[in-house]
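Structure first, then comments.
Read the figures in this text as sums done on the coordinates, not as results from a lab. Owing to the predicted nature of the structure, the values given are computational and were not obtained by experimental measurement. All Cβ positions, glycine included, derive from the backbone under ideal geometry; neighbour counts span all protein chains shown.
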Amino acid sequence: MFRRTLAGTLALQMSRYEDYTVKSQAYDETRVPVGLEVIQTVIRGSCATSLVDLGCGTGNYLRAVATDIERGTGLDLNPNMLAKAREKLAGFAHIDVRQGSLTSLPLAAASFDIVVCNQVLHHLDAPSTIPAFTNVRAALAEIFRVLKPGGAVVLNSSSHVQCREGFWWAPLVPQAMERIIARLPDIPQLTAWLTALGFVVDPPHILREPLQGGEYLDPRGPLRETWRRGDSTWSLATADELQAALTRLHALDQGGELEQWFAQRDQLRDNHGQTTSLVARKPAT
């Protein structure tokens, strides 16, 4: 039954604007697992033994917590991302990765202590399912279903303010950033949906660590295609918008203004953070 469901949802649930078949080849050059401390605190605090990573990508998070859990599973739809994850996790017999849709999880009810889902929600809904966010809400319901009573989910996303202010380069591609925001429920909305499902939601964790690690701090980074592949927003920029962004960046650089502009913009990340981790707990009874 799952095979029929997956075949019917692959086209819908694959990111419509991000080519992860290509991106998988350089993904780890610019992306790091942010919010690990939040996840590890939840693992330690709950004495959890099993964890599933939804939208696991190349397995960065599973590799980071591999020695903290007794059983781990990673789900993703892109075969190339899964191939990278299998390479990375080859030495851990207690962790498996498989193909699966977040809106119809191939997992039994009440089968995991912890669910993690990092920077995935903006890939789930297309314009046809916004603003209802049909697929995000279906994924949240599935998370509630597969969690054991007393289990917890850690969701990492970005607020709308963080999208606009927490990424120094956002003014270079403002239209593309607004397209991302349109696909992304804001944190209060996510909290409301989680609460309505029956979760008890902790206060949000505001994270300042950049998604692209040290590469993020390169003000000339957007000039390189491999750097731009480190954030989905760039994939939503039109050819004209991308050219305008690169032209502006070159002008700032040639005018000797780039370093100062970068520093001023990056200060906003300190003020607002770049991502938010929500911890939501399924009641024990």
Quick one: putting +1 on the C-beta of Lys and Arg, -1 on the C-beta of Asp and Glu, what dipole do you get for the chain around its Cα centre, in Debye to the nearest 20?
920
Which value in nm describes the separation of the simple spin-label points at Thr41 and Gln175, placed 7 Å from the Cα toward the beta carbon?
4.1
Separation of the Ala239 and Asp270 label points, Cα + 7 Å toward Cβ, nm
4.1
Based on alpha-carbon atoms only, what is the radius of gyration of the range 194-235 relative to the globular estimate 2.2 N^0.38 Å?
1.77
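What FRET efficiency, computed as 1/(1 + (r/R0)^6) with R0 = 45 Å and r the Cβ-Cβ distance, is obtained for Ala141 and Gln254, rounded to the nearest 0.05?
Efficiency for this residue pair is about 0.30.
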What residues from the range 41-63 fall in the zone where the backbone N is under 18 Å from a label point 7 Å along the Cα-to-C-beta line of Ala83?
56-60
Using the Karplus curve 6.51 cos²θ - 1.76 cosθ + 1.60 with θ = phi - 60°, work out ³J(HN,Hα) for each residue of the range 262-272 in order, rounded to whole Hz, and write x for Gly and Pro.
4, 4, 5, 5, 5, 4, 5, 5, 5, 6, 10
If you take Rg and Dmax of the Cα atoms in Å from the coordinates, which of [x] 19.9, 60; [y] 18.7, 63; [z] 22.5, 71 do you get?
[y]
Ordered by number, the GluC sites (Glu not before Pro) in the range 120-223 that occupy a DSSP loop and have at most 16 other Cβ atoms within 10 Å are none
Rg(Cα) / (2.2 N^0.38 Å) computed for the range 147-215, rounded to two decimals
1.32
Contour minus Cα-Cα distance for Ile206 and Thr49 (0.36 nm per residue):
53.9 nm
Please give me, ordered by residue number, the trypsin sites (Lys or Arg not before Pro) of the range 132-217 that lie in loop per DSSP and have at most 14 other Cβ atoms within 10 Å.
Arg208
Between Gly230, Gly214, Gly59, where does the largest GNM mean-square fluctuation fall for the chain, given springs only between Cα atoms within less than 10 Å?
Gly214
Options Ala152, Ala280, Ser111, ranked by Cα towards positive dipole end of the chain, top entry (Cβ charges):
Ser111
Considering only the chain, percent of DSSP beta bridges that pair antiparallel, nearest 5
40
Expected unfolding gain across Ala196-Leu217 under the 0.36 nm per residue rule, minus the alpha-carbon gap, is 3.7 nm
State the extension gain, in nm to one decimal, for the chain segment bounded by Arg71 and Ala90, taking 0.36 nm per residue of separation less the distance between their alpha-carbons.
5.4 nm
How far apart, in nm, are the 7 Å Cα→Cβ label points at Ala109 and Glu225?
4.9
